[in-house]
Structure formats: structure tokens, C-alpha cells
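Shown next, in C-alpha cells, is the structure this report addresses.
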Amino acid sequence: MKITILTVLLLISVHISSAQTSILNIYPEIKLPKDSIESQQLVSSLNKFLIAAQADAKINEWVYQPEFLQTTLLLDEIEGINTKEDSIFYKPYLLDISSIEKEQYLIQIAYLGTINESPSIRANIDLIAHKAKNKYLFSSPLARNTKHWKTTSVENYTFYYRDTTDLKKAKEYQRLTAFHDEKLNIKPKNTSVYLFEDNIISQQHFGLNYKSDYNGRGASIVWSVLLENQDIFVVNNSMLVEFDPHDLWHNRLSQVTSRRKVNHAVDEGIATLYGGSWGISWQEMFAEFQNQIQFDKHTDWLKLREQKSYFETPGHKNPTEFMITALFVKKIETEIGFSAVMELLNAKEEEAYFKILKKLTGITKNNYNKEVWKLVKEEIKNKI
């Protein structure tokens with residue numbers, strides 16, 4: 001039987017319990033399990049799960065632990081969902097319970113509210129209930145929906161996919177991630193990556209059928225939860241096949257600090273040095289840089305920096321400063337180590353940047369042109 005949101009809002013009047021701790025509402029005509037004890041256990045457990053879901057997922061004792069990781073994606077979306085916003089208060093309504101296996105149920109819940117007596121829906125989610133002695137525990141349907149998928153493990157990464165995936169790209173992704181993580185002192189974690197062909201379907205597979213927050217942009221979202229010892233990602237398969245090594249640096253850096261707090265030129269310089277830019281390798285970028293800027297020993301590098309000069313690659317303008325900063329990064333890492341590069345990266349303001357640059361390399365505004373020319377000549381020499 002199909003249940004419309006409007007009908008639910010008009011007819012819902014029955015609560016599980018009159019207790020103040022009860023937040024779950026039940027559609028009056030819903031078909032609960034025939035066994036009254038089982039029905040009471042299921043509804044009571046579900047109510048407690050939804051209350052606990054408003055706090056830290058790690059302390060939710062109503063989560064089915066064998067599928068805890070997969071369920072964190074859904075818990076991340078539920079947390080804080082039934083709060084007041086502009087006079088709206090969203091409450092969970094039980095819309096449907098379907099038996100799928102012995103002592104297992106597929107449950108559908110909608111978070112609903114009203115605005116000036118008009119219905120408003122915040123989210124629609126699916127859960128799976130698992131019988132555990134005299135109560136039920138709950139999980140996302142992700143593991144069930146992908147149980148026949150193929151898997152490939154690359155070091156600490158496990159990739160899940162329906163038919164095929166680019167294993168060469170999977171290995172490259174893991175290798176570059178480990179490369180950046182070592183520099184950033186990010187400890188390796190077991191990471192599960194679910195690869196979908198369709199982003200809209202991906203959110204439905206982990207139980208998020210709808211959420212108003214993502215109206216019109218579900219297809220551009222990477223779903224992820226980062227935990228202390230393990231991570232999980234749900235992404236479009238094309239994001240693995242077409243991942244940008246440049247952006248991967250930015251992604252990993254964001255695991256340890258906000259990119260708004262670091263020096264933009266250093267951040268981009270590191271990303272360009274190790275990942276190229278816009279699909280062009282560092283070597284190719286440097287060749288274009290050399291051809292277009294036409295520099296020599298008389299080039300005023302400091303003036304080019306102040307003028308924000310750039311060179312072009314197909315469809316993009318690339319600041320000269322990013323290339324020079326990349327050379328500074330290369331020099332500092334070679335001579336001192338990447339911890340020193342991080343010191344320069346965290347020098348966000350201009351004055352702090354030149355102060356740290358002098359400390360690490362001896363380069364100042366007075367000898368800037370001379371020292372940059374040395375680094376440029378060395379890079380040209382390495383290319384030959």
C-alpha cells in the first residue's frame with residue numbers, strides 16, 4: 001500500500017508510548033508484526049535507536065555491529081535531523097515494516113513537519129532491523145544491497161564494485177594516498193570504497209532515499225565518514241577512474257587542517273609538484289612555464305610575483321608563483337624534510353611567509369631573484 005506524505009501528516013496521531021522519551025510516531029494503518037511481543041520489541045528498539053542516533057555514532061548501542069561501518073553513513077545524515085529550523089520541527093514517522101528474512105525487517109521512516117499547516121519532509125530513510133535476543137539492532141541496507149558485488153583489496157583499501165573497475169587506477173589511488181599520508185603523518189587506516197555508476201542510486205543503497213539538504217545536487221556528492229581507525233566512502237566509479245592527483249593532495253591535507261588556514265601558494269605548489277595540474281604532469285607544466293615566461297638570469301622574479309603573472313595551459317591560467325613555490329618546497333624537503341615544508345605551508349600571511357622562507361632557506365626579498373634563478377636553472381638541468 002502506498003502512503004503519501006500528506007496522508008501521513010493528516011492521519012498520524014498514535015505514538016508508541018506516552019513516555020517523554022518516545023519520539024517515534026506510527027501511521028495508524030501500518031501492519032506491525034503479528035506477534036505482539038515481537039512488535040513491542042521492534043518498535044521500542046527502533047525508538048531507542050533513533051534517540052541514540054542524535055549523538056555520537058560510536059556510542060549508539062542499538063547499531064548492528066557487524067555492519068557498523070556501513071551504518072555510519074546513515075547515522076551521519078540522521079544526527080541533528082529532528083531539530084527546529086524556522087518554526088519547523090521534524091519528527092520521525094514509521095511508514096512501513098516489511099519482513100525480508102527470518103527475524104529481519106526492512107523499515108522505512110520519514111522525518112516530517114509542518115509549515116503553516118502544510119506538510120514538509122526533511123528526509124526519508126531505510127533501515128534493516130536485526131533480531132538480537134529480546135531486542136532489535138539496526139543497520140544501513142548498504143551491505144545487503146551490495147552483497148553480490150565484487151571486491152578488490154589494495155593494501156589497506158577495499159574497493160567494492162558491481163561489475164568492473166579500473167584496478168590500475170585503484171592501485172595508483174592507494175599509492176598516491178599513502179605517499180601524501182606519510183608526509184602528513186596520517187596513520188594508515190582500513191578504508192572501504194563503494195563505487196557506483198549512478199550517484200543518486202548510491203545514496204539510496206545506503207538507506208538515504210531523500211534528504212531536503214541535497215535537493216538538486218545529489219549527483220555531485222561524495223558520501224564519506226572518517227573514523228579513528230577506519231574510513232568509508234561511497235562515490236561514483238568515474239571519480240576513481242578520473243581522479244586528479246593534484247586534488248588528492250588537497251583532499252589529504254584537509255584531513256589534518258583546514259585549507260583556509262594555510263598559505264594558498266604553498267598548498268598549490270605542493271599539489272602541482274606532486275600531482276601536476278589539470279591533468280598535466282609537473283614536467284609538462286614546467287616546460288610550458290619555461291616556454292611562455294621566457295626567463296633568463298636577468299628575470300625579475302619578485303616583480304613577476306607582485307604582478308601575479310601567469311602562463312597558460314589548455315583552458316587554464318597558472319600563476320607563476322605556484323611554480324616558484326613548488327621549487328621552494330622541493331628544496332626545503334630535500335635539505336630539511338617535509339616537516340619544514342609544513343612550517344612554510346602554515347605561514348599564511350605574507351610577512352610570516354618570508355620570515356619562515358628566510359629561516360628555512362636563507363631566501364629574502366633582497367636575494368630573491370638570484371636564489372630563484374638558481375632553483376630554476378637546477379630544474380632545467382634535471383630535465384635534460
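How many residues, within the stretch 334-353, are open to solvent by 20 Å² or more (accessible area, probe 1.4 Å), closer than 16 Å to Leu375 by Cβ and either touching a Lys or Arg at 6+ places or on another chain (Cβ under 7 Å) or part of a helix (DSSP H, G or I) (or both)?
Residues meeting the conditions: 2.
Are any residues in the stretch 275-285 open to solvent by less than 70 Å² (accessible area, probe 1.4 Å) and farther than 11 Å from Thr313 by Cα, and if so, which ones?
Scanning the stretch 275-285 gives Gly275, Gly276, Ser281, Trp282.
Pull up the stretch 292-306, narrow it to residues that are of a type outside the set (D, E, K, R) and in a helix (DSSP H, G or I), then point me to the one that is surrounded by the most Cβ atoms within 10 Å (Cβ to Cβ).
Trp301
Would it be correct to say that Phe289 is more than 31 Å from the chain's Cα centre (by Cα) and open to solvent by less than 40 Å² (accessible area, probe 1.4 Å)?
Against the criterion (more than 31 Å from the chain's Cα centre (by Cα) and open to solvent by less than 40 Å² (accessible area, probe 1.4 Å)), Phe289 qualifies.
Could you check the stretch 229-248 and list, in sequence order, the residues that are of a type in the set (A, V, I, L, M) and within 17 Å of Leu167 (Cβ to Cβ)?
Val235, Met239, Leu240, Val241
Open to solvent by less than 10 Å² (accessible area, probe 1.4 Å), assigned to a strand (DSSP E or B), under 25 Å from Asp35 (Cα atoms) and of a type outside the set (Lys, Arg): which single residue out of Ile97, Ile109 fits that description?
Of the residues listed, the single one that is open to solvent by less than 10 Å² (accessible area, probe 1.4 Å), assigned to a strand (DSSP E or B), under 25 Å from Asp35 (Cα atoms) and of a type outside the set (Lys, Arg) is Ile109.
Do we have Arg259 as open to solvent by 40 Å² or more (accessible area, probe 1.4 Å) and touching an Asp or Glu at 6+ places or on another chain (Cβ under 8 Å) here?
Taking the combined requirement at face value, the residue satisfies it.
Condition first: farther than 24 Å from Lys211 by Cβ and open to solvent by 70 Å² or more (accessible area, probe 1.4 Å). Now tell me which residues in the stretch 21-76 satisfy that.
Thr21, Glu29, Lys31, Lys34, Asp35, Ser36, Ile37, Gln40, Glu61, Gln65, Pro66
Kindly provide the set of residues from the stretch 39-71 that are farther than 26 Å from Leu112 by Cβ and either in contact (Cβ under 8 Å) with a residue 40 or more places away in the chain or not in a loop (DSSP other than H, G, I, E, B) (or both), ordered by number.
Within the stretch 39-71, Lys58, Ile59, Gln65, Pro66, Glu67, Phe68, Leu69 qualify.
From the list His298, His250, His246, which one is touching a Gly at 6+ places or on another chain (Cβ under 6 Å) and either at pLDDT 95 or above or of a type outside the set (Phe, Trp, Tyr) (or both)?
His246 is the lone residue from the list that is touching a Gly at 6+ places or on another chain (Cβ under 6 Å) and either at pLDDT 95 or above or of a type outside the set (Phe, Trp, Tyr) (or both).
What tally of residues in the stretch 117-131 results from selecting those that are open to solvent by 30 Å² or more (accessible area, probe 1.4 Å) and part of a strand (DSSP E or B)?
Within the stretch 117-131, residues that are open to solvent by 30 Å² or more (accessible area, probe 1.4 Å) and part of a strand (DSSP E or B) number 4.
The values are calculated or read from the model by the stated rules, or taken from the named source; none is laboratory data. Not measured: the values here are computed from a predicted model. Neighbour counts are summed over all protein chains in view; Cβ atoms, including those assigned to glycine, are modelled from backbone coordinates with ideal geometry. Surface accessibility is based on the protein's heavy atoms, side chains included, excluding ligands, DNA and RNA. Shrake-Rupley method; radii C 1.70, N 1.55, O 1.52, S 1.80 Å.
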